[in-house]
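Student: Have a look at this one before I ask anything.
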Amino acid sequence: MPKEIIRSKYPEESGHIHVGWTKDCSHVEVATVVPRGQIAPWDEQEQRHVPLITPDPGWFIQLDREQINDLIRKLRKARDQAFGADA
């Protein structure tokens, strides 16, 4: 599966965005990923932080073509309002 990774602007933050796809698939996967070891969830029963067993935990979402177009429009709007429109 091809994928692209977009890293944070700030080097002290090690999370990234992962975009993956397969040709002729019904979706593209977008994820905000936190590299293993960066976070350890709190286990109420054990009363301690528990190491994660997944290689790259994060939030994953599958988007179809229409949803991707909507995301692109919203990112352009955010970019233009934050930095001004491109010439």
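Student: Can you pull the one-decimal nm distance between simple spin-label points at ARG76 and GLU4, each 7 Å off the Cα toward Cβ?
Tutor: So the two model labels end up 1.5 nm from each other.
Student: Efficiency by 1/(1 + (r/R0)^6): what FRET value for ALA85 and CYS25, r their Cβ-Cβ distance, R0 = 35 Å, to the nearest 0.05?
Tutor: 0.55
Student: At a Cα cut-off below 24 Å, give the lysines reachable from LYS74, other chains included and same-chain residues fewer than 8 away excluded.
Tutor: Correct list for LYS74: LYS3, LYS9.
Student: Turning to a different aspect of this structure: Could you sort 28-34, 81-87 so that the peptide with the highest average Cβ count within 10 Å comes first and the rest follow in order?
Tutor: Going by the mean number of other Cβ atoms within 10 Å, highest first, we get 28-34, 81-87.
None of the figures in this text is laboratory data; all of them are computed from the coordinates on show. Note that this is a predicted model, so its numbers are computed, not measured. Glycine also receives a Cβ, built like all others from the backbone with ideal geometry; neighbour counts cover every protein chain displayed.
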